[in-house]
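Read-outs: derived from the displayed coordinates by stated rules, not from any lab. All figures in this text were calculated on a predicted structure; none of them were measured in a lab. Cβ coordinates were reconstructed from backbone atoms using ideal geometry, including for glycine residues, and neighbour counts include every protein chain displayed.
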Amino acid sequence: MDAIAHTVETYRAAVLGLVRPLAAERVQVAAAVGRVLAEQTIARTPVPRFDNAAMDGYAVREADVEGTTPGRPASLVVTACAPAGHRHGRLVVGPGEAVQIMTGAPIPEGADRVIPVEESSTGSFVDRGKVLLWDAGKTHIRRTGEDIAAGDPLLSAGDELTARGLALLAATGHEEVLVHRRPRVAVISSGDELSAQSAGAIPDSNAVYLRAAVESLGGIVSSCRLAADDPISVARVLDAAACEADLIVSTGGLGAGTRDLLGRMAQATLGGILARVAMRPGRPQALGTWSGVPWLALPGTPTAAFVSFEAFVRPALNRLSGRPVSAGPAAETVSEGWSGSPGAVRFVPLDVSDSPGGLSIRPMGHPGRAAHALSAMFAAPLIGVVGAETGDVRAGQLLRVIEPA
């Protein structure tokens, strides 16, 4: 193991050095939610696509209603009806004429104003014949491209596609979109203690957590495998994982014991590192490649695996997916302080509750003690990130926070 501890930042940089954004593929817009754009998108068609009515009413020539009032209306002949969404051929509004028009219908040729039906003598549509109308003061016409012009920039490479973003693309003529491929992740748990045949067997909560966390970030879990504490089993499992994955994530096997194999095997690969990282929990870490596939080896203690995912695996998945590595740390003011020692980044579970003065943010469990305890770390809505230079945390202090997967 490296004699000098890495900082969280230097080790994260080493992790990110292993991965690159995955190749792009075209998918249907309707199936692209959560995917990450691989190129800037522009509007292919304008919004609106054509001049259309903003109100139910009558399409008329401005010259025929100019200067009219409810007391001095214009008498016009209704010649046709223009419903929205129907092909109605070439409609023309001539002098002294009006065409019934519904919201969203194309503006007939010759018309340059829509009089709302409420501004008519009947207050409702008449089938044919004459209608008395007056100028309402607005055109009530949505002009072609007045919202979005063809060629306007819409979304940028690296943007994650939301329901609203997809609707925007569909509205501007996109049927397909170029996105990064979803990363395939192979999850490996190591340790004889996870075997159902072991007298001291324990549940493999790490595999359950990692599968769910990867999928919550848009990744695909290609497999979850268990490796026994012998080099042949570990190598066989790694070989299978490398055939199907863009990233291998393992837990366990990073200690100094004779049966802790994964860390030493990762260290022996090209560019491999077995290190102590200045963080609590999560001090032992390893990385490398197996058959050319990036491999991140996390500690086996569940709380340490959880913190390591947030600190290192999430940034790696973001890069593979084409997302920005980090959107920037959020920060919250803590309501209650606690004691601690500087020298390592500490990840502390935080509770969030309502109070008369606003949100109350307090530590859960016992900060700095029992890093193996699951109850607080896995239940906390936020994880506080206490910098390595900070000892005691004081009430009112601004603290970086993670909203965990």
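Projecting the Cα atoms of GLY71, MET55, GLY104 onto the charge dipole of the range 52-142, computed from C-beta unit charges around the Cα centre, puts GLY104 farthest toward the positive end. Once you sort the root eigenvalues of the Cα gyration tensor of the range 257-336 as a ≥ b ≥ c, which label holds: rounded (a/c under 1.5), prolate (a/b larger than b/c) or oblate (the other case)? Judged from the Cα gyration tensor, the range 257-336 comes out oblate (a/c at least 1.5, b/c at or above a/b). Compute the label zone of ALA212 within the range 249-264: residues whose backbone N is under 18 Å from the point 7 Å along Cα-to-Cβ. Once the point is set 7 Å along Cα→Cβ of ALA212, 251 turn out to lie under 18 Å by backbone N, inside the range 249-264. Of the peptides 64-73, 51-60, the order by per-residue mean of other Cβ atoms within 10 Å, starting with the highest, comes out as 51-60, 64-73. The Cβ shell under 12 Å around TRP134 holds other residues with a net charge of -3, Lys and Arg each +1, Asp and Glu each -1.
Over the Cα atoms of the chain, what is the Rg over Rh ratio if Rh follows Kirkwood?
Rounded to two decimals, Rg over Rh is 1.23.
Stretching the chain fully between ALA240 and VAL33 yields a gain of 71.5 nm (0.36 nm per residue, less the alpha carbon separation).
At R0 = 35 Å, how high is the FRET efficiency between SER121 and ARG26 if r is their beta carbon distance? Nearest 0.05 is fine.
0.05
Length available on full extension from ALA256 to ALA163: 0.36 nm per residue minus the Cα-Cα distance, which gives 28.6 nm.
What are the GluC sites (Glu not before Pro) within the range 76-150 that DSSP puts in a loop, where the Cβ has at most 14 other Cβ atoms within 10 Å? Sparse-neighbourhood loop GluC sites (Glu not before Pro): GLU146.
Taken as entire DSSP H runs, the helices of the chain that both span 15 Å or more between Cα atoms along their own long axis and average 1.0 or more on the Kyte-Doolittle scale are 231-242.
Counting neighbouring beta carbons within 10 Å and listing from fewest to most, the residues TRP295, TRP290, TRP338 come out as TRP338, TRP290, TRP295.
Counting Lys and Arg as +1 and Asp and Glu as -1, each charge on the Cβ, what is the dipole of the chain about the Cα centre in debye, to the nearest 20?
680 debye
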